[in-house]
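Asker: Submitted below is the structure of interest, expressed as structure tokens.
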Amino acid sequence: MDRTDLPVRPLGLPPTGATPAAPVTPAVVGTRRPAGGMLHSWDLSTGVDGPGTRFVAFLAGCPLRCLYCHNPDTRYTRDGRPASAEDIVHEAAKYTDFIRASGGGATVSGGEPLLQPVLTGELLHRFKHELGLHTALDTSGYLGARATDALLADTDLVLLDIKSWDRALYRHVTGRELAPTLEFARRLADLGTEVWVRFVLVPGLTDPTTNVEGVAAFAASLGNVTRVDILPFHRLGAPKWRALGLDFPLADTPAPSPEQVAETRAIFVAHGLNAV
């Protein structure tokens, strides 16, 4: 979800440089149940949204208001365009050979995909069972209670953003409470679902050692976290804030230095976690 290059790519138009497979017939795509919602965009990405090259569906709408949001243009469902699960899966099916060759899969992201749980669940199910792809859910976990057991059964990997351990700081950063994310994380641990934790390192905001230690200790306690992505803050999303007529709250905040990133990574590693 922390992407600054979300394309507004119409369904049917391939990304630059990609070669789609032959058109997929309805028999290949199949139909499970009608589901639709608001899609912001889609893309093929490598090394950002889960392992390998992935088809990523970015759904519109998010309940959080993160101070460092890289994509404020995904805040509202009205920022998207209507799309059916069938349309989106049909698009992904064009690239399955390319995706499988890379050890990749399909990711449902946002915005916050669990704001549209029916569409998210249908996409994950069809990506997994009809296209045979590894599936990932990219979420803040704030709406984790909306994820049904069936949805999570169709999810191979959860990319879970834990934005802060300090409760007051989390509220300041996101405008929401931390507790739902922690509850969702524990539920994923009970289910044995693989999790990659994502932590955005913002100098002067999320970087206090006690805050990082709290996230690291919690992640290590779960037993299902196989990777931690430390995402250095940057201001590349600032033009989107300006385009929307909004002031970027962290316009004067610098990116963390390589030394700061290394120190943060060392904290997670000290807790026995694979931090990258």
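Please treat every number below as a calculation from the coordinates, not as lab data. What you see is a predicted model, and the numbers here were worked out from it, not measured in a lab. Please note: Cβ atoms are built from the backbone with ideal geometry, for glycine as well, and neighbour counts cover all protein chains shown.
Asker: Using a Gaussian network for the chain with springs between C-alpha atoms less than 10 Å apart, which of these wobbles most: LEU137, LEU159, LEU222?
Answerer: Looking only at LEU137, LEU159, LEU222, the biggest GNM fluctuation is shown by LEU222.
Asker: Which far-off residues, 5 or more places away or on another chain, put their amide H under 5 Å from the one on TYR76, with H placed in the peptide plane?
Answerer: So TYR76 has HN proximity to GLY61, CYS62.
Asker: At R0 = 45 Å, how high is the FRET efficiency between ALA217 and ALA101 if r is their beta carbon distance? Nearest 0.05 is fine.
Answerer: 0.70
Asker: Give the lysines whose C-alpha is closer than 23 Å to that of LYS128, dropping any in the same chain fewer than 8 places away, or say none.
Answerer: Cα-Cα hits under 23 Å: LYS94.
Asker: Please give the length that would be gained between LEU191 and ARG242 if that part of the chain were fully extended, namely 0.36 nm times their separation in residues minus their C-alpha to C-alpha distance (nm, one decimal).
Answerer: Additional length available on full extension: 14.2 nm.
Asker: LYS163: which lysines have alpha carbons under 25 Å from its alpha carbon, excluding same-chain residues fewer than 8 sequence positions away?
Answerer: LYS240
Asker: Another question, if that's okay. Report the residue, chosen from PHE127, PHE58, PHE233, that carries the largest GNM mean-square fluctuation when the chain is represented by alpha-carbon nodes joined by springs under 10 Å.
Answerer: In this elastic network of the chain, the residue with the biggest mean-square fluctuation among PHE127, PHE58, PHE233 is PHE233.
Asker: What does the charge count around ARG227 come to, taking other residues whose C-beta lies under 11 Å from its C-beta (Lys +1, Arg +1, Asp -1, Glu -1)?
Answerer: -1
Asker: Please identify the cysteines of the chain that lack any partner cysteine with a Cβ under 4.7 Å from their own Cβ.
Answerer: Cysteines of the chain left without a disulfide-compatible partner: CYS62.
Asker: Return the sequence-ordered ³J(HN,Hα) values of segment 188-202 in whole Hz as given by the Karplus equation 6.51 cos²θ - 1.76 cosθ + 1.60 applied to θ = phi - 60°, using x for Gly and Pro.
Answerer: 4, 5, 4, 7, x, 6, 5, 10, 10, 7, 10, 9, 8, 8, 10
Asker: Follow-up. Would you mind getting the Kirkwood hydrodynamic radius of the chain from its Cα pairs, rounded to one decimal in Å?
Answerer: 18.9 Å
Asker: Of GLY80, GLY111, GLY214, which is the most mobile in a GNM of the chain whose springs link Cα atoms less than 10 angstrom apart?
Answerer: Evaluated over the chain, the most mobile residue of the options is GLY214.
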